[in-house]
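Undergrad: Take a look at the following structure, please.
The values are calculated or read from the model by the stated rules, or taken from the named source; none is laboratory data. This is a predicted model, so every value here is computed, not measured. Cβ: placed from backbone, ideal geometry, glycine included. Neighbour counts: every protein chain shown. Keep in mind that these areas ignore ligands, DNA and RNA; they rest on the heavy atoms of the full protein, side chains included. Shrake-Rupley method; radii C 1.70, N 1.55, O 1.52, S 1.80 Å.
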Amino acid sequence: GRVAVDVGGGWLGAWVVFAAGVSNLGLFEAELSADSFQLMGMAERGYLPRVFGRRSPRHGTPSVGILFSACVIVVLCTADFESLLQLLNSVYSISLLLEYAAFVKLRLCRKDLPRPYRIPIPDWAAPLLVLPPVTGILVILAISNWYVYMFSIGSVAIGVGLFKLMEVCKRREWLEFEVADRHLDYDMAQMSEDSTTESPASPRDTRGGNGMAHRVSPREGGYDDDDDVKGMT
(Lines give C-alpha, C1' and ligand atoms only; values in the text may rest on other atoms or scores of the structure.)
Protein backbone atom coordinates (compact mmCIF):
# COMPACT_ATOMS: atom_id res chain seq x y z
CA GLY A 1 0.00 0.00 0.00
CA ARG A 2 2.83 2.37 0.78
CA VAL A 3 4.35 2.06 -2.70
CA ALA A 4 0.91 2.59 -4.26
CA VAL A 5 0.46 5.77 -2.20
CA ASP A 6 3.83 7.10 -3.36
CA VAL A 7 3.03 6.31 -6.99
CA GLY A 8 -0.64 7.29 -7.36
CA GLY A 9 -1.73 8.88 -4.13
CA GLY A 10 -4.05 7.86 -1.33
CA TRP A 11 -6.84 6.54 -3.55
CA LEU A 12 -4.50 4.02 -5.24
CA GLY A 13 -3.09 2.89 -1.90
CA ALA A 14 -6.60 2.32 -0.56
CA TRP A 15 -7.57 0.28 -3.61
CA VAL A 16 -4.42 -1.86 -3.40
CA VAL A 17 -5.06 -2.60 0.28
CA PHE A 18 -8.71 -3.40 -0.47
CA ALA A 19 -7.76 -5.70 -3.36
CA ALA A 20 -5.15 -7.46 -1.23
CA GLY A 21 -7.74 -8.02 1.51
CA VAL A 22 -10.27 -9.49 -0.91
CA SER A 23 -7.58 -11.69 -2.47
CA ASN A 24 -6.48 -13.02 0.94
CA LEU A 25 -10.10 -13.70 1.85
CA GLY A 26 -10.58 -15.71 -1.35
CA LEU A 27 -7.39 -17.69 -0.73
CA PHE A 28 -8.54 -18.42 2.81
CA GLU A 29 -11.92 -19.67 1.63
CA ALA A 30 -10.31 -21.83 -1.06
CA GLU A 31 -7.88 -23.40 1.40
CA LEU A 32 -10.63 -23.97 3.97
CA SER A 33 -12.80 -25.67 1.35
CA ALA A 34 -9.93 -27.86 0.12
CA ASP A 35 -8.99 -28.99 3.64
CA SER A 36 -12.62 -29.71 4.53
CA PHE A 37 -13.23 -31.83 1.44
CA GLN A 38 -9.95 -33.63 2.07
CA LEU A 39 -11.18 -34.60 5.54
CA MET A 40 -14.46 -35.76 4.03
CA GLY A 41 -12.61 -37.84 1.43
CA MET A 42 -10.48 -39.48 4.11
CA ALA A 43 -13.65 -40.30 6.06
CA GLU A 44 -15.26 -41.83 2.97
CA ARG A 45 -12.21 -44.06 2.52
CA GLY A 46 -12.25 -45.17 6.14
CA TYR A 47 -9.18 -43.31 7.35
CA LEU A 48 -11.18 -40.98 9.64
CA PRO A 49 -14.40 -41.50 11.61
CA ARG A 50 -17.59 -41.37 9.60
CA VAL A 51 -18.65 -38.11 11.27
CA PHE A 52 -16.14 -36.19 9.11
CA GLY A 53 -17.98 -37.38 6.01
CA ARG A 54 -21.26 -35.70 6.92
CA ARG A 55 -22.56 -33.21 4.38
CA SER A 56 -24.91 -30.32 4.76
CA PRO A 57 -28.35 -31.48 3.58
CA ARG A 58 -28.92 -28.11 1.91
CA HIS A 59 -25.57 -27.24 0.34
CA GLY A 60 -23.79 -30.62 0.22
CA THR A 61 -20.71 -29.19 1.93
CA PRO A 62 -18.73 -31.10 4.61
CA SER A 63 -20.04 -29.27 7.69
CA VAL A 64 -17.96 -31.14 10.28
CA GLY A 65 -14.80 -30.74 8.22
CA ILE A 66 -15.37 -27.00 7.89
CA LEU A 67 -15.91 -26.59 11.64
CA PHE A 68 -12.83 -28.66 12.47
CA SER A 69 -10.64 -26.76 10.02
CA ALA A 70 -11.92 -23.43 11.33
CA CYS A 71 -11.06 -24.44 14.92
CA VAL A 72 -7.51 -25.35 13.89
CA ILE A 73 -7.13 -22.01 12.10
CA VAL A 74 -8.36 -20.10 15.16
CA VAL A 75 -5.78 -21.86 17.34
CA LEU A 76 -2.97 -21.08 14.88
CA CYS A 77 -4.00 -17.42 14.77
CA THR A 78 -2.53 -16.99 18.26
CA ALA A 79 1.02 -17.21 16.85
CA ASP A 80 2.84 -14.42 15.04
CA PHE A 81 3.19 -14.44 11.26
CA GLU A 82 6.92 -15.21 11.12
CA SER A 83 6.60 -18.20 13.42
CA LEU A 84 3.60 -19.51 11.49
CA LEU A 85 5.51 -19.18 8.22
CA GLN A 86 8.44 -21.22 9.51
CA LEU A 87 6.26 -23.87 11.15
CA LEU A 88 4.05 -24.37 8.11
CA ASN A 89 7.05 -24.52 5.77
CA SER A 90 8.63 -27.20 7.96
CA VAL A 91 5.48 -29.33 7.86
CA TYR A 92 5.22 -28.84 4.10
CA SER A 93 8.85 -29.90 3.72
CA ILE A 94 8.16 -33.10 5.66
CA SER A 95 5.17 -33.85 3.43
CA LEU A 96 7.38 -33.41 0.36
CA LEU A 97 9.90 -35.85 1.80
CA LEU A 98 7.11 -38.39 2.23
CA GLU A 99 5.96 -37.88 -1.36
CA TYR A 100 9.49 -38.33 -2.71
CA ALA A 101 9.95 -41.46 -0.61
CA ALA A 102 6.66 -42.85 -1.91
CA PHE A 103 7.70 -42.07 -5.49
CA VAL A 104 10.99 -43.96 -5.14
CA LYS A 105 9.35 -46.83 -3.26
CA LEU A 106 6.66 -47.35 -5.91
CA ARG A 107 9.12 -47.12 -8.81
CA LEU A 108 11.51 -49.65 -7.31
CA CYS A 109 9.17 -52.06 -5.50
CA ARG A 110 5.84 -51.84 -7.35
CA LYS A 111 6.83 -52.04 -10.99
CA ASP A 112 3.58 -53.87 -11.80
CA LEU A 113 1.37 -50.84 -11.10
CA PRO A 114 -0.30 -49.27 -14.17
CA ARG A 115 1.29 -45.91 -14.92
CA PRO A 116 -0.60 -43.93 -17.58
CA TYR A 117 1.41 -40.81 -16.63
CA ARG A 118 4.79 -42.46 -16.12
CA ILE A 119 7.78 -40.14 -15.69
CA PRO A 120 10.09 -40.96 -18.64
CA ILE A 121 13.16 -42.08 -16.67
CA PRO A 122 14.50 -45.55 -15.83
CA ASP A 123 13.72 -46.95 -12.40
CA TRP A 124 17.31 -46.68 -11.16
CA ALA A 125 17.25 -42.92 -11.85
CA ALA A 126 14.27 -42.28 -9.55
CA PRO A 127 16.45 -41.67 -6.44
CA LEU A 128 18.72 -39.38 -8.46
CA LEU A 129 15.73 -37.33 -9.63
CA VAL A 130 14.60 -36.51 -6.08
CA LEU A 131 18.10 -36.07 -4.66
CA PRO A 132 18.45 -32.29 -5.34
CA PRO A 133 15.10 -31.25 -3.78
CA VAL A 134 15.61 -33.61 -0.85
CA THR A 135 19.04 -32.09 -0.22
CA GLY A 136 17.59 -28.59 -0.31
CA ILE A 137 14.82 -29.52 2.12
CA LEU A 138 17.27 -31.08 4.56
CA VAL A 139 19.47 -27.97 4.43
CA ILE A 140 16.48 -25.73 5.14
CA LEU A 141 15.43 -27.89 8.07
CA ALA A 142 18.99 -27.96 9.40
CA ILE A 143 19.21 -24.15 9.65
CA SER A 144 15.78 -23.76 11.27
CA ASN A 145 15.15 -22.65 14.86
CA TRP A 146 14.71 -24.99 17.80
CA TYR A 147 10.95 -24.52 17.96
CA VAL A 148 10.72 -25.59 14.31
CA TYR A 149 12.46 -28.84 15.27
CA MET A 150 10.06 -29.35 18.17
CA PHE A 151 7.02 -28.59 16.03
CA SER A 152 8.17 -30.89 13.23
CA ILE A 153 8.95 -33.78 15.58
CA GLY A 154 5.68 -33.23 17.42
CA SER A 155 3.68 -33.15 14.19
CA VAL A 156 5.18 -36.44 13.01
CA ALA A 157 4.67 -38.04 16.43
CA ILE A 158 1.05 -36.86 16.62
CA GLY A 159 0.37 -38.07 13.08
CA VAL A 160 1.74 -41.54 13.80
CA GLY A 161 -0.10 -41.66 17.12
CA LEU A 162 -3.42 -40.66 15.56
CA PHE A 163 -3.00 -43.28 12.84
CA LYS A 164 -2.41 -46.01 15.44
CA LEU A 165 -5.34 -44.69 17.47
CA MET A 166 -7.64 -44.92 14.45
CA GLU A 167 -6.58 -48.53 13.96
CA VAL A 168 -7.43 -49.32 17.56
CA CYS A 169 -10.79 -47.56 17.24
CA LYS A 170 -11.56 -49.65 14.16
CA ARG A 171 -10.69 -52.94 15.84
CA ARG A 172 -12.60 -52.20 19.03
CA GLU A 173 -15.42 -50.36 17.25
CA TRP A 174 -15.15 -47.29 19.43
CA LEU A 175 -16.00 -45.07 16.46
CA GLU A 176 -17.93 -45.62 13.24
CA PHE A 177 -15.93 -45.91 10.04
CA GLU A 178 -16.90 -46.52 6.45
CA VAL A 179 -17.11 -50.17 5.45
CA ALA A 180 -14.11 -51.80 3.81
CA ASP A 181 -15.82 -52.41 0.46
CA ARG A 182 -15.79 -48.68 -0.23
CA HIS A 183 -12.01 -48.74 -0.45
CA LEU A 184 -10.32 -48.99 -3.80
CA ASP A 185 -8.42 -52.28 -3.83
CA TYR A 186 -7.55 -53.30 -7.34
CA ASP A 187 -6.12 -56.66 -8.27
CA MET A 188 -3.33 -55.55 -10.60
CA ALA A 189 -2.88 -58.91 -12.24
CA GLN A 190 -6.57 -59.21 -13.05
CA MET A 191 -6.62 -55.61 -14.17
CA SER A 192 -3.83 -56.13 -16.69
CA GLU A 193 -5.45 -59.35 -17.92
CA ASP A 194 -8.81 -57.65 -18.44
CA SER A 195 -7.18 -54.79 -20.32
CA THR A 196 -5.88 -57.21 -22.95
CA THR A 197 -9.24 -58.90 -23.53
CA GLU A 198 -11.69 -56.03 -23.07
CA SER A 199 -11.93 -52.56 -24.46
CA PRO A 200 -10.59 -49.94 -22.03
CA ALA A 201 -13.17 -48.10 -19.98
CA SER A 202 -13.15 -44.57 -18.72
CA PRO A 203 -10.91 -43.98 -15.63
CA ARG A 204 -14.02 -43.36 -13.55
CA ASP A 205 -15.78 -46.50 -14.78
CA THR A 206 -16.02 -49.70 -12.79
CA ARG A 207 -17.46 -53.06 -13.66
CA GLY A 208 -20.77 -54.05 -12.21
CA GLY A 209 -22.00 -57.52 -11.48
CA ASN A 210 -23.37 -57.85 -15.01
CA GLY A 211 -20.02 -56.95 -16.58
CA MET A 212 -21.29 -53.59 -17.87
CA ALA A 213 -19.38 -50.42 -17.12
CA HIS A 214 -21.12 -47.74 -15.06
CA ARG A 215 -20.01 -44.40 -13.67
CA VAL A 216 -19.39 -44.06 -9.97
CA SER A 217 -19.63 -40.68 -8.35
CA PRO A 218 -17.26 -39.59 -5.53
CA ARG A 219 -20.15 -39.93 -3.07
CA GLU A 220 -20.40 -43.60 -3.95
CA GLY A 221 -16.77 -44.15 -3.01
CA GLY A 222 -15.61 -44.99 -6.52
CA TYR A 223 -12.52 -44.01 -8.44
CA ASP A 224 -11.16 -40.67 -7.38
CA ASP A 225 -8.73 -38.17 -8.90
CA ASP A 226 -6.32 -38.84 -6.04
CA ASP A 227 -5.77 -42.34 -7.44
CA ASP A 228 -4.16 -40.78 -10.51
CA VAL A 229 -1.16 -39.90 -8.35
CA LYS A 230 -0.16 -43.55 -8.42
CA GLY A 231 -0.13 -43.43 -12.20
CA MET A 232 2.38 -40.57 -12.20
CA THR A 233 5.06 -42.64 -10.50
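Undergrad: For segment 27-67, what class follows from the C-alpha gyration tensor (a ≥ b ≥ c being the square roots of its eigenvalues): rounded when a/c is under 1.5, otherwise prolate if a/b is larger than b/c, else oblate? Don't skip to the end; give the middle numbers.
TA: On the way: a/c = 2.45, a/b = 1.32, b/c = 1.86.
Verdict is oblate for segment 27-67.
Undergrad: OK, next. In what sequence, largest accessible area first, do 149, 92 appear using a 1.4 Å probe?
TA: Numbers: 149 90, 92 140 Å².
So the residues, ranked largest to smallest area, are 92, 149.
Undergrad: Given R₀ = 22 Å, FRET efficiency for residue 129-residue 109 by Cβ-Cβ distance, to 0.05? Don't skip to the answer; put the middle values down first.
TA: Working: r = 16 Å, r/R0 = 0.74.
Once the sixth-power term is evaluated, E becomes 0.85.
Undergrad: Could you state how much accessible area residue 105 has, in square angstrom rounded to the nearest 10, with a 1.4 Å probe and all protein chains kept in place?
TA: 120 Å²
Undergrad: Taking a ≥ b ≥ c as the square roots of the eigenvalues of the Cα gyration tensor of segment 1-110, is the shape rounded (a/c under 1.5), prolate (a/b larger than b/c) or oblate? Can you show the working numbers first?
TA: Numbers: a/c = 2.58, a/b = 1.54, b/c = 1.68.
Since a/c reaches 1.5 but b/c is at least a/b, the shape of segment 1-110 is classed as oblate.
Undergrad: Starting from the Cα of residue 82, step 7 Å along the direction of its Cβ; do the same at residue 102; then give the gap between the two resulting points in nm.
TA: 3.4 nm
Undergrad: Going by the alpha-carbon gyration tensor, a ≥ b ≥ c the square roots of its eigenvalues, is segment 48-133 rounded (a/c under 1.5) or, if a/c is not under 1.5, prolate (a/b greater than b/c) versus oblate? Could you put the intermediate results ahead of the total?
TA: Details: a/c = 3.80, a/b = 1.55, b/c = 2.46.
Judged from the Cα gyration tensor, segment 48-133 comes out oblate (a/c at least 1.5, b/c at or above a/b).
Undergrad: Would any residue of segment 62-82 have its amide N under 15 Å from a label point 7 Å out along Cα→Cβ of residue 150? List them or say none.
TA: Only 79-80 fall inside the zone, counting backbone N under 15 Å.
Undergrad: At 1.4 Å probe size, with no ligands or nucleic acids counted, give the accessible surface of residue 22 in Å², nearest ten.
TA: 80 Å²
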